[in-house]
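What follows is a set of notes on a single structure, which appears directly below.
The values are calculated or read from the model by the stated rules, or taken from the named source; none is laboratory data. All values reported here derive from a predicted model rather than from experimental measurement. Here Cβ is always computed from backbone atoms with ideal geometry, including for glycine, and neighbour counts include all displayed protein chains.
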Amino acid sequence: MKALAITLLAACSFATVKGPRSTPGRYLECTSSRAVPIADLVAGSAFVAGGLAVAYWDRRDDDPSTGTKTLAISLPSIAVGVAFLVASQYGASRVTRCQAARAADRRWQPTP
């Protein structure tokens, strides 16, 4: 279980996307690619959809013993999905700030 948690956190925008530094005039070492936030968006959507699908299919079953199993599967899946979606928004915000800072810095402008 720890290995799964570490793997999920390693691909997270919280850990891998770097925003621009607040010091003006410094070299802008930040993440300008939206690849990780998009990966978080896809993973979060898949987890939430999977959790909702399990809950939906369980409600179609008349066996009362499946309710606890459904909660044990669907709620953690939805919680992990929401965490990925929040990370995606956080990473996208940092990437946008990085791109804006690079656009404002003359060193990142193409020379004619």
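Say we look at segment 24-41 and pick out the residues that are at pLDDT 85 or above and part of a loop (DSSP other than H, G, I, E, B); which of these is nearest to Ala92 (Cα to Cα)? So the residue we want is Arg34.
For Tyr56, the requirement of being at pLDDT below 85 and farther than 30 Å from Asp105 by Cβ is met.
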